[in-house]
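A quick write-up on the structure given underneath.
The values are calculated or read from the model by the stated rules, or taken from the named source; none is laboratory data. None of the values given here were measured: they were computed from a predicted structure. Positions of Cβ are generated from backbone atoms using ideal geometry, with glycine treated the same way; all protein chains shown enter the neighbour counts.
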């Protein structure tokens, strides 16, 4: 594509008239374009493609008669022309030597615009080195890797969004692998659907319409020495043939009224139940109330209600509901080791922790996630404060990955959950979140605005798109781009970790990726193996 | 020396009128002609070809005979008829360089008018100013004339269609506000 700048403003972007030999079909929304100004080079995103004319009367002429052939040749391309809206995002000096900065001006009238070359993309996004720059994919119709800046990515909260089946999980797996490989942070992953730790199934359609299921490697397989898997459901892990390092159990004494509060909608609790729990916890002791209440029989409950002035019905209802938690398979009277301490120990060693939930229901997932995070958050605050006093033993940067994030961060709940606190202020304490969700509108807007890097696969629902783009600069144009994404393997990345918003074709999560990222050097392995075979059988065996 | 095609009998800066050298032998409508002056050669396009009585007070009358019969039995009447044509000035040569605008002085009366050579056609046609000169002139049916000139010039090009396209672009530039007029002219160019 080539064209010339014909009008524009910094706030609304510039309009480029395509040269006559190009048609609107040569340009696609979300592609990169470069405008050569007189002093600067501008990196831009194609935001819109239009058919325009200098005279509206021309537009309605369809040139169907044979004798209009010459008129058509003259008019189309010049009087009816393709016009594209470009959003200049970054500028740099013409020699590409200076730093890349956000745009503060626009190119002059008549400046030539063109499709960005591979070199341009590499200049803007950096070359992948798996330490700072990690490639997540390539721009559409290009082969140059687009990199995110991992230290910047983990510095603030990150969100990976997209409706079901658009490749969220794969993107998340890529990002997690990147963080693990680069060691820019340690991961704590609440893996609700057992997708990150050990291998997971991947649905593939190779263009022949037949869906194939293949298994892809999990983090533990890629980084055996760096990743530790905890499971809440050893049965399920064994059934799936997944390896795990430890089982997690929670003891009744660890459950506080606030933890139950989070499950309000799952347990169908009313507001008096909250007060009742707080009262009970006050009377019976914070460590004992849960077990004592649930284990009371009908008579005891009645006596207790009478003695302490509780409403019996309310107490019975509460007991009935809490029984669901009591019955969760990982709940124990006593636990063999304190899970949080163990997790903290690993994290401190720079190891990454995946917590698998097996077939645990949402209720259990939310409860465990909340309780563990709350404790780990507490530990982190303590350690960071200690570090600030002594300047030694700085805890490693921690990224907590949660799925179904809207369950924890909905506007009604976000005041009470630990996650909203982390999203808002934990950057100071070296903890950030990686939210994975399909319903951005379900997340409190205050939390949403704190997310530094947003990676979004296709979103259809308008409220979700609106929520995603809240507070994002140039939301109108990004919206067009977002709607135009394919439902597979395409994502829009914007925010802190990339210099400008970019649409990528997600890189493949395959053998080549394993080779590049994984701890095990497969090529090296192959060589060793070949050498061994050679030694045994001589050189003439081909393997 | 080539034979002249006419002689100027009325002249102004923008156009002049000629009497054709022979009856019924005016140059074609829309063709290019030139007048050699002392310092420059004026170039124009032919339009408004008329054949009338040499004496304005005497009108030719109908005889009810074919031209062949007339020539045999009434040869004198052809002596009384004259063919005239008008020329719209579109530019001039000075020091062998063509410029697409009006010369500083009109052509002198009684100057001879010659047809342009093939090479001159090609040279003049590179300058598209003639289109706007024609469209803004006061001559009759100027749209028709513009199309005729493009047609006659394009014949001298190796690729007439390409030249017509280029001329069409100039037309489009001039007539974008009047799209129907543009289309009418363009339709006449390709015939």
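Here are the numbers:
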{"read-out": "Only one of A:171, A:150 that is at pLDDT 80 or above, within 15 Å of the chain's Cα centre (by Cα) and buried (at least 24 other Cβ atoms within 10 Å of the Cβ)", "value": "A:171"}
{"read-out": "Of all residues making up segment B:165-191, the number that are in contact (Cβ under 8 Å) with a residue 40 or more places away in the chain and either in a helix (DSSP H, G or I) or more than 9 Å from chain A (Cβ to nearest Cβ) (or both)", "value": "8"}
{"read-out": "The lone exception for residue B:127 - which of (1) assigned to a loop (DSSP other than H, G, I, E, B); (2) facing chain A (nearest Cβ under 9 Å); (3) within 25 Å of residue B:93 (Cα to Cα) it fails", "value": "(2)"}
{"read-out": "Residue match in segment A:31-40 (condition: at negative phi, in contact with a strand residue (DSSP E or B) (Cβ under 7 Å, 6 or more places away or on another chain), within 13 Å of chain B (Cβ to nearest Cβ) and not in a strand (DSSP E or B))", "value": "no"}
{"read-out": "Among the residues listed as A:455, A:376, the single one being over 25 Å from residue A:163 (Cα atoms), in contact (Cβ under 8 Å) with a residue 40 or more places away in the chain and buried (at least 17 other Cβ atoms within 10 Å of the Cβ)", "value": "A:376"}
{"read-out": "Condition check for residue A:411: out of contact with any helix residue (DSSP H, G or I) (no Cβ under 6 Å at 6 or more places or on another chain) and part of a loop (DSSP other than H, G, I, E, B)", "value": "yes"}
{"read-out": "Any hit, segment B:23-34, residues being in contact with a strand residue (DSSP E or B) (Cβ under 9 Å, 6 or more places away or on another chain), part of a strand (DSSP E or B) and more than 23 Å from residue B:118 (Cα to Cα)", "value": "no"}
{"read-out": "Output for segment A:278-315, where each listed residue is surrounded by 15 or more Cβ atoms within 10 Å (Cβ to Cβ) and over 20 Å from residue A:332 (Cα atoms)", "value": "A:278, A:279, A:280, A:301, A:304, A:305, A:310, A:314, A:315"}
{"read-out": "Which listed residue, of B:86, B:162, B:158, is surrounded by fewer than 18 Cβ atoms within 10 Å (Cβ to Cβ) and either away from chain A (no Cβ under 14 Å) or within 19 Å of the chain's Cα centre (by Cα) (or both)", "value": "B:158"}
{"read-out": "Extreme residue, nearest to the other protein chains (Cβ to nearest Cβ), among residues of segment A:17-30 that are buried (at least 21 other Cβ atoms within 10 Å of the Cβ) and at pLDDT below 90", "value": "A:27"}
{"read-out": "Residue check, residue A:433 closer than 30 Å to residue A:466 by Cβ, in contact with a helix residue (DSSP H, G or I) (Cβ under 7 Å, 6 or more places away or on another chain), exposed (fewer than 15 other Cβ atoms within 10 Å of the Cβ) and not assigned by TED's automatic domain parsing to the domain that holds residue A:321", "value": "no"}
{"read-out": "Count of residues meeting criterion [over 16 Å from residue A:105 (Cβ atoms) and under 31 Å from the mean Cα position of the chain (by Cα)] in segment A:1-41", "value": "7"}
{"read-out": "Only listed residue being touching a strand residue (DSSP E or B) at 6+ places or on another chain (Cβ under 6 Å) and either more than 14 Å from chain A (Cβ to nearest Cβ) or not in a helix (DSSP H, G or I) (or both), chosen from B:134, B:109, B:153", "value": "B:109"}
{"read-out": "In segment A:1-16, the residues that are buried (at least 18 other Cβ atoms within 10 Å of the Cβ) and assigned to a strand (DSSP E or B)", "value": "A:3, A:5, A:8, A:13, A:14, A:15, A:16"}
{"read-out": "Residue within segment A:231-238 that is in a loop (DSSP other than H, G, I, E, B), under 21 Å from the mean Cα position of the chain (by Cα), at pLDDT 80 or above and farther than 23 Å from residue A:508 by Cβ present", "value": "no"}
{"read-out": "Test: residue in segment B:98-106 that is assigned to a strand (DSSP E or B) and either out of contact with any helix residue (DSSP H, G or I) (no Cβ under 6 Å at 6 or more places or on another chain) or within 14 Å of another protein chain (Cβ to nearest Cβ) (or both)", "value": "yes"}
